[in-house]
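Asker: Just passing along the structure, written as structure tokens.
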Amino acid sequence: MFEMSTYAIFMLVGFFAMLMIGIPVAISLAVTGFVFGWLGFGEVLFNLLPARFYGIVSGYQWMAIPLFVFMGVMLEKSRLADDLLDVMGHIAGGVKGGMAVGIVLFGVLMGATTGIVGATIITLGLLTLPTLIRRGYDKSVACGVICASGTLGQIIPPSLILILLSDIMQLSVGTLFAAAVGPGMLLAGVYIVYLLVMGWLRPGSMPPIPIA
């Protein structure tokens with residue numbers, strides 16, 4: 001039969017093939033995992049599953065995931081995120097590209113609050129994209145700022161990605177959080193500098209908000 005590395009390649013190809021034909025991600029992951037796991041390990045796979053389930057459920061760090069999701073939902077439903085974005089946008093809005101800078105700062109705060117990339121991007125998209133387009137921002141710039149700012153949530157602590165890595169790498173969650181603060185702030189700073197330079201070079205793509 002095939003080697004394990006060959007099964008891994010076939011599993012990856014099968015997973016993407018199922019995604020391309022419109023099968024949901026959860027079903028695609030489950031089907032490819034069970035099918036190729038059974039082909040590779042045989043019936044031993046089903047003896048390993050209970051131990052794996054117990055190892056995941058007994059990990060106390062997984063309790064942070066539903067709490068982070070709940071925090072992100074409450075921040076969005078209470079409209080606090082909307083008010084915060086409005087304040088930050090008006091503070092920096094008089095500068096060319098200032099509204100985009102405000103979104104980057106808002107993404108930093110959202111990432112530090114929720115730790116969820118998807119929730120941050122959805123919140124930023126719903127709240128800021130119509131406003132940016134209405135203010136005359138280029139559509140590509142607006143979408144790029146939202147996507148880039150939303151992904152800050154996966155590196156700025158507390159982050160669900162870092163919690164998952166702590167379990168996989170058998171490292172302390174606090175150690176990973178402390179190590180990610182510097183790169184996260186540096187990345188946000190690079191985004192801000194780039195937006196300010198781009199606003200100076202291409203003022204038409206990021207006009208300032210009129211002070212009125």
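The values are calculated or read from the model by the stated rules, or taken from the named source; none is laboratory data. Not measured: the values here are computed from a predicted model. Note that each Cβ is placed from the backbone with ideal geometry, even for glycine, and that neighbours are counted across all protein chains shown.
Asker: Criterion first (loosely packed, with under 13 Cβ neighbours inside 10 Å and modelled with pLDDT of 80 or more) does Gly144 satisfy it?
Answerer: Considered against the rule, which asks whether it is loosely packed, with under 13 Cβ neighbours inside 10 Å and modelled with pLDDT of 80 or more, Gly144 comes out as no.
Asker: What number of residues in the stretch 152-176 are in a helix (DSSP H, G or I) and surrounded by fewer than 17 Cβ atoms within 10 Å (Cβ to Cβ)?
Answerer: Result for the stretch 152-176: 8.
Asker: Here's something else I'd like to know. Return the total of residues in the stretch 199-212 being crowded, with 18+ Cβ neighbours inside 10 Å and either within 21 Å of the chain's Cα centre (by Cα) or part of a helix (DSSP H, G or I) (or both).
Answerer: Looking only at that region, the number is 1.
Asker: Among the candidates Tyr191, Tyr137, single out the residue that is surrounded by 17 or more Cβ atoms within 10 Å (Cβ to Cβ), modelled with pLDDT of 80 or more and not in a helix (DSSP H, G or I).
Answerer: Only one candidate passes the filter, namely Tyr137.
Asker: Could I ask something else about it? Please report, ordered by residue number, the helices (runs of 4 or more DSSP H) entirely within the stretch 1-98 with at least 1 residues that are among the small types (Gly, Ala, Ser), farther than 20 Å from Ile168 by Cβ and modelled with pLDDT of 70 or more.
Answerer: Where helices (runs of 4 or more DSSP H) fall fully within the stretch 1-98 and carry at least 1 residues being among the small types (Gly, Ala, Ser), farther than 20 Å from Ile168 by Cβ and modelled with pLDDT of 70 or more, they are 4-20, 25-41.
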